[in-house]
1. Tell me which strands (runs of 3 or more DSSP E) are completely within segment A:1-111 and hold 2 or more residues being more than 9 Å from chain B (Cβ to nearest Cβ) and closer than 26 Å to B:P39 by Cα, or say none if there are none.
2. Just one of (1) under 15 Å from B:L90 (Cα atoms); (2) loosely packed, with under 13 Cβ neighbours inside 10 Å; (3) free of Cβ contacts under 8 Å to residues at least 24 places away in the same chain; (4) more than 10 Å from every other protein chain (Cβ to nearest Cβ) trips up B:P8, so point out which.
3. I need a count of the residues in segment A:11-62 that are without any contact (Cβ under 8 Å) to a residue 40 or more places away in the chain and not β-branched (V, I, T).
4. From the list B:G16, B:G84, B:G3, B:G66, which residue is out of contact with any helix residue (DSSP H, G or I) (no Cβ under 7 Å at 6 or more places or on another chain), of a type outside the set (S, T, Y) and at pLDDT below 95?
Amino acid sequence: AQSVTQLDSHVSVSEGTPVLLRCNYSSSYSPSLFWYVQHPNKGLQLLLKYTSAATLVKGINGFEAEFKKSETSFHLTKPSAHMSDAAEYFCVVTRISGYSTLTFGKGTMLLVSP
Amino acid sequence: KAGVTQTPRYLIKTRGQQVTLSCSPISGHRSVSWYQQTPGQGLQFLFEYFSETQRNKGNFPGRFSGRQFSNSRSEMNVSTLELGDSALYLCASSSSQGGSYNEQFFGPGTRLTVL
């Protein structure tokens with residue numbers, strides 16, 4: 001069994017300030033973890049993925065996430081927010097090997113003010 | 001490579017009708033998954049097809065069905081539409097042949113409104 005909890009439904013930041021979107025997961029298996037972003041009326045785009053190669057994962061558009069097994073967390077960060085980062089972000093867990101479906105968190109809406 | 005395409009992009013139906021949505025995966029991808037996205041329930045897995053076979057199914061009533069063709073294109077059908085079926089339906093394709101950590105590529109979705 002697997003589940004994902006995104007700890008904040010909304011996060012508001014000012015342009016140029018750091019972004020932190022929090023995600024905790026639960027999995028009976030060794031997990032593979034993803035962050036996806038969804039802009040209004042668009043599909044989901046993969047930001048980054050953890051598949052056990054390295055605990056600090058760098059993604060597109062300056063985002064990165066760190067896998068912390070002891071804390072069962074996979075928080076998403078960015079040093080400096082841009083207006084174009086305003087979107088909904090989803091944390092996703094699946095098994096790292098063997099067949100499994102994706103389990104999505106409820107999403108975090110990131111609001112960026114000028 | 002062209003991305004995942006979904007048609008139509010928008011649909012308006014009335015209660016009791018049925019609807020068919022179409023998804024064309026990225027060329028070479030054999031796995032197609034369908035998701036329902038609503039404000040209240042978030043993203044929920046409907047089913048996945050791989051090589052024309054349903055490989056997994058989420059917890060949805062039998063009114064929701066799907067199929068996959070030999071060219072990997074997939075359709076999902078919802079019969080006897082209810083107001084609660086109003087949602088964004090997302091399709092995703094993957095090259096997965098069992099390694100589930102393979103990235104899923106999402107289409108833009110079909111926005112279904114049931115009146």
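1. Filter on segment A:1-111 gives A:2-6, A:10-14, A:19-21, A:23-27, A:31-38, A:44-50, A:73-78, A:87-95.
2. (3)
3. Final tally of qualifying residues: 16.
4. Values: B:G16 fails: at pLDDT below 95; B:G84 fails: at pLDDT below 95; B:G66 fails: at pLDDT below 95.
Among B:G16, B:G84, B:G3, B:G66, only B:G3 is out of contact with any helix residue (DSSP H, G or I) (no Cβ under 7 Å at 6 or more places or on another chain), of a type outside the set (S, T, Y) and at pLDDT below 95.
Table: residues versus (1) among the β-branched types (V, I, T); (2) closer than 16 Å to B:H29 by Cβ; (3) surrounded by 21 or more Cβ atoms within 10 Å (Cβ to Cβ); (4) without any contact (Cβ under 8 Å) to a residue 40 or more places away in the chain.
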{"residue": "B:Y49", "(1), (2), (3), (4)": "no, yes, yes, yes"}
{"residue": "B:G58", "(1), (2), (3), (4)": "no, no, no, yes"}
{"residue": "B:S72", "(1), (2), (3), (4)": "no, yes, yes, no"}
{"residue": "B:L88", "(1), (2), (3), (4)": "no, no, no, no"}
{"residue": "B:F105", "(1), (2), (3), (4)": "no, yes, no, no"}
{"residue": "B:L112", "(1), (2), (3), (4)": "no, no, no, no"}
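The values are calculated or read from the model by the stated rules, or taken from the named source; none is laboratory data. Quick caveat, the model's predicted, so the values are computed rather than measured. Virtual Cβ from ideal backbone geometry, glycine too; neighbours counted across all protein chains shown.
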